[in-house]
Amino acid sequence: MQKEEIFELLKKSLTELFEIDPAKIHLESKIYEDLEIDSIDAIDMIDFIKKQTGYRLEAAHFREVRTLGDIVEVVFNQLKNA
């Protein structure tokens with residue numbers, strides 16, 4: 001799976017699960033500040049990623065990310081190394 005595909009997957013989850021305006025969703029978007037994702041929402045997003053990719057972000061990974069681009073990098077690197 002390429003980085004662009006992972007980003008589109010994230011974008012889909014944010015629009016479907018949280019009804020976030022797609023115009024607000026960019027690689028540089030800050031998860032908590034810009035998109036107003038809280039810890040409960042983050043768990044739902046992690047579950048969505050797992051269902052779509054087979055890869056589950058560990059809580060430790062998610063604590064380290066700040067932007068959507070960070071999530072893309074973590075998922076991409078984990079899938080690449082799997």
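The values are calculated or read from the model by the stated rules, or taken from the named source; none is laboratory data. Since the structure is predicted, the reported quantities are computational estimates derived from the model, not experimental observations. Positions of Cβ are generated from backbone atoms using ideal geometry, with glycine treated the same way; all protein chains shown enter the neighbour counts. For the accessible areas, the whole protein counts, side chains as well, though only heavy atoms, and no ligand, DNA or RNA atoms are used. Shrake-Rupley method; radii C 1.70, N 1.55, O 1.52, S 1.80 Å.
Miscellaneous remarks
- Accessible carbon and sulfur surface of the chain relative to its total accessible area, %, 1.4 Å: 47
- Positive-end residue, segment 1-69 charge dipole about Cα centroid, Cβ charges, pick of I40, F18, G54: G54
- Taking every protein chain into account, the accessible area of the chain amounts to 62 square angstrom per residue (probe 1.4 Å).
- Set of lysines near K51 by C-alpha distance (under 18 Å), chain-local residues within fewer than 8 positions excluded: K3, K11, K12, K80
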